[in-house]
Amino acid sequence: MKILISPAKKMRVDSDSLPPLGKPAFLADAKRLLATLQAMPPEQLKALWGCSESLAAMNVERLRTADPDRALTPAILAYEGIQYQYMAPQVMESGQLDYIQAHLRILSGMYGVLRPFDAVIPYRLEMQAKLPMDGQKDLYGFWGGRLAAHLAAEDNCLLDLASKEYSRAVRPHLPDSVRWVECRFVTRKGDKLVEKATLCKMARGRMVRHLAEKGAQTPEDALDFTDLGFQYSAADSRPDTLVFIKED
């Protein structure tokens, strides 16, 4: 089983905590994307990123000095979003770190697919960015079916903990031989089940940690997850969708 998660917009450099163990599988593509970004004027980059002036300025400066071949930060430590805070890889035991290296995969607009200890540089490029490449209008077209093919070659079962923005870069291209199981984290409000974005990110991070702690091998190993007040609901789940409910 491979577990899929999204990256985070906020990134950092950490060359001291843990060493990287390899290079990204799609590093050559990442370099091409980086070169395309580096050739764009700041105003165009700001529009592509859809961010504030200060964030745009910081990321333009990052682009100026970016060198993927000199990356020193493992991907799992490079991302600083809520999901990663609640996963807390910095305090995982060695066996849990070995587990996520073997089973966890991070989807990325820049790098395609990352193992946790692949060396990366800070970047800003979401999967849904409309960046024309190779005659394609956006990154979904650029990556095409390559990410799905890469993951299918690794495993015949994928547990989806990624956001829809990233899941859609993989799922439509998977062969029928690969089992796809999505985890949903919802809050019950009256007779409605509602997804709360921040709570979902927190739960996804905790779920990764839960699976690493028990050495999970199948999606069914996730069913006893109870962190943050969530409980698995068999009544609301389907074979390809595991639903965890938190009572409001």
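Observations, loosely collected:
- Rg/Rh (Cα only; Kirkwood hydrodynamic radius) as it applies to segment 101-173: 0.94
- Residue order, fewest to most beta carbons within 10 Å, for ASP191, ASP69: ASP191, ASP69
- Cubic angstrom per residue, convex hull over Cα atoms of segment 2-247: 132 Å³
- Scalar couplings 3J(HN,Hα) for segment 41-46, obtained by applying the Karplus form with A = 6.51, B = -1.76, C = 1.60 to θ = phi - 60°, are x, x, 5, 5, 5, 4 Hz; x denotes Gly and Pro.
- Cα→Cβ-extended label distance, 7 Å offset, between GLU247 and GLN85, nm: 2.8 nm
- Charge dipole (debye, nearest 20) of the chain; +1 at Cβ of Lys and Arg, -1 at Cβ of Asp and Glu: 560 debye
- Label-point gap, in nm, between TYR232 and ASP191 - each point 7 angstrom along Cα→Cβ: 2.8 nm
- Model label sites at ARG70 and LEU223, defined 7 Å from Cα along the beta-carbon direction, differ in position by 5.2 nm.
- Within the listed set ALA39, ALA149, ALA119, the Gaussian network model of the chain (springs between alpha-carbon atoms below 10 Å) gives the highest mean-square fluctuation for ALA39.
- Legend: residue pairs LYS137/LYS201; LYS9/LYS196; LYS2/LYS46; LYS130/LYS189; LYS9/LYS189, Cα-Cα distance threshold 25 Å; pairs beyond threshold, LYS137/LYS201; LYS2/LYS46; LYS130/LYS189; LYS9/LYS189.
- Antiparallel bridge percentage (DSSP; both residues within segment 139-248; nearest 5): 35 percent
- Reachable aspartates and glutamates, given that their alpha-carbon falls under 20 Å from the alpha-carbon of LYS10 and they are not under 8 places away in the same chain: GLU53, GLU61, ASP67, GLU80, ASP118, GLU126, GLU165
- Karplus (6.51, -1.76, 1.60) ³J(HN,Hα), θ = phi - 60°, over segment 214-224, in Hz, Gly and Pro reported as x: 9, x, 4, 10, 9, x, 5, 5, 8, 5, 8
- Cα centroids of segment 233-247 and segment 186-219: 11 Å apart.
Every number here is computed from the coordinates shown, using simple stated rules; none is lab data. Note that this is a predicted model, so its numbers are computed, not measured. So basically every Cβ, Gly included, is an ideal-geometry build from the backbone, and we count neighbours across all protein chains shown.
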